[in-house]
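Here's the structure we're looking at; comments come further down.
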Amino acid sequence: MNRAKHIAIIMDGNGRWAELQDKKRVKGHEAGAKVVKEITTYCSNNDEIERLTLYAFSTENWKRPRLEVEFLMKLLDNYLKKELPVYLQNNVRFEPIGDIRAFSKSLQKTIKMVEEKTAHCDGLVQSLALNYGSQDEIIRAVNTLKSAETENITLEMLNNALDCKHDVDLLIRTGGDKRLSNFLLWQAAYAELFFIDTLWPDFTTKELEKIIKKFKKIERRFGGLK
Ligand code: FPP
């Protein structure tokens, strides 16, 4: 049976969740942050899951209204500071991916602080994708290799130059849309994809459990034959 060693999630539907209840969109993000905590804790208690990568802010999300962007930045900063003890209690290592140089100095400091303080944790690795886009990640990797003046770039070399060096086993998108939105395009080459209608703030560990159960039964051939 398959093992869901690396789960990646596109956490979509926060805005719609809030609007359905006549609330401001940012209330959906707040509710979404609680689900981030629940799902991370669940994964940290599941021995087969080694990595959980969550799409928290894309390179394209800067196009949103300034106030929403500012709210997301503040929410992230508060989340990381508040949840640091929970990362430590659950032995979760925090490994951000994406180009965080675009964030404020103080948010970068918080991100680095949590990364450093959890560096010794050897349970689940939780990666938040922050100012992340696959295309940007690949371009940065190619430029790093180019400046090292290597001749022929191999698959392994490019893989190792990426922010996320780990193939995804199971990729889930909540919120009803069926697209990858520039998330882990390289790493998801052979991922099993699950698109579900549930809006992210309504996503539960029960639903994740059901998806993992279905994932386990899929025949994964990686381009070969069974
Ligand atoms: C997509 O929903 C979600 C985001 C752009 C941000 C994800 C953020 C969170 C889950 C909360 C904060 C996370 C952390 C780690 C503190 P959307 O706004 O695009 O929803 P919509 O499609 O309904 O408009």
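In contact (Cβ under 8 Å) with a residue 24 or more places away in the chain and of a type in the set (D, E, K, R): is that true of ASP197 in this structure? Before the answer, list the steps.
Values: in contact (Cβ under 8 Å) with a residue 24 or more places away in the chain: no; of a type in the set (D, E, K, R): yes.
Criteria not met by ASP197.
Among the numbered conditions (1) surrounded by fewer than 20 Cβ atoms within 10 Å (Cβ to Cβ); (2) touching a residue at least 60 places away in the same chain (Cβ under 8 Å); (3) over 27 Å from ARG16 (Cβ atoms), tell me where ALA148 comes up short.
Every condition holds for ALA148 apart from (2).
Among residues belonging to region 7-40 that are basic (Lys, Arg) and either touching a residue at least 24 places away in the same chain (Cβ under 8 Å) or within 20 Å of LEU180 (Cβ to Cβ) (or both), point out the one that is nearest to the ligand (Cβ to nearest atom).
Here is the first cut: in region 7-40, the residues basic (Lys, Arg) are 16, 23-25, 27, 34, 37.
Of the ones still in play, those that are also either touching a residue at least 24 places away in the same chain (Cβ under 8 Å) or within 20 Å of LEU180 (Cβ to Cβ) (or both) are 16, 25, 34, 37.
On the way: ARG16: 3, ARG25: 6, LYS34: 9, LYS37: 9 Å.
So the residue we want is ARG16.
Where residues in region 57-100 are touching a Phe, Trp or Tyr at 6+ places or on another chain (Cβ under 7 Å) and among the polar types (S, T, N, Q), which of them is surrounded by the fewest Cβ atoms within 10 Å (Cβ to Cβ)?
THR59
Is there a residue being in contact with a helix residue (DSSP H, G or I) (Cβ under 9 Å, 6 or more places away or on another chain), over 15 Å from ALA4 (Cα atoms) and polar (S, T, N, Q) anywhere in region 160-174?
Yes; the residues of region 160-174 include at least one that is in contact with a helix residue (DSSP H, G or I) (Cβ under 9 Å, 6 or more places away or on another chain), over 15 Å from ALA4 (Cα atoms) and polar (S, T, N, Q).
Can you name every residue in region 93-118 that is touching a strand residue (DSSP E or B) at 6+ places or on another chain (Cβ under 6 Å) and among the aromatic types (Phe, Trp, Tyr)? Break it down stepwise before answering.
Step one: filter region 93-118 for residues touching a strand residue (DSSP E or B) at 6+ places or on another chain (Cβ under 6 Å), giving 93-100, 102, 114-115, 118.
Passing the criteria: only PHE94.
For ARG3, are the conditions met, namely being part of a helix (DSSP H, G or I), over 12 Å from the mean Cα position of the chain (by Cα) and among the basic types (Lys, Arg)?
On the way: part of a helix (DSSP H, G or I): no; over 12 Å from the mean Cα position of the chain (by Cα): yes; among the basic types (Lys, Arg): yes.
In short, no.
Give me the residue from region 188-222 that is more than 23 Å from ASP47 (Cβ to Cβ) and more than 20 Å from the chain's Cα centre (by Cα) and, out of that set, surrounded by the most Cβ atoms within 10 Å (Cβ to Cβ).
Out of the qualifying residues, it is ARG221.
In this structure, is VAL69 within 15 Å of PRO201 (Cβ to Cβ) and within 11 Å of the ligand (Cβ to nearest atom)? Before you say what the answer is, go through the steps one by one.
Details: within 15 Å of PRO201 (Cβ to Cβ): no; within 11 Å of the ligand (Cβ to nearest atom): yes.
When the stated conditions are applied, VAL69 does not pass them.
Among ASP47, ASP77, which is over 14 Å from the mean Cα position of the chain (by Cα) and without any contact (Cβ under 8 Å) to a residue 12 or more places away in the chain?
Details: ASP77 fails: without any contact (Cβ under 8 Å) to a residue 12 or more places away in the chain.
From the options ASP47, ASP77, the qualifying one is ASP47.
Tell me, which helices (runs of 4 or more DSSP H) wholly within region 85-184 include 3 or more residues that are under 18 Å from the mean Cα position of the chain (by Cα) and either within 16 Å of the ligand (Cβ to nearest atom) or more than 21 Å from LEU52 (Cα to Cα) (or both)? Step through it out loud before you land on a result.
On the way: elements: 105-117, 134-147, 155-161.
Result: 105-117.
For region 6-49, give me the residue count where each residue is touching a helix residue (DSSP H, G or I) at 6+ places or on another chain (Cβ under 9 Å), assigned to a loop (DSSP other than H, G, I, E, B), among the charged types (D, E, K, R) and under 25 Å from GLU192 (Cβ atoms).
2
We did not get these values from a lab; they are worked out from the coordinates using the rules stated. For clarity, every value in this text was computed on a predicted model and none was experimentally measured. So basically every Cβ, Gly included, is an ideal-geometry build from the backbone, and we count neighbours across all protein chains shown.
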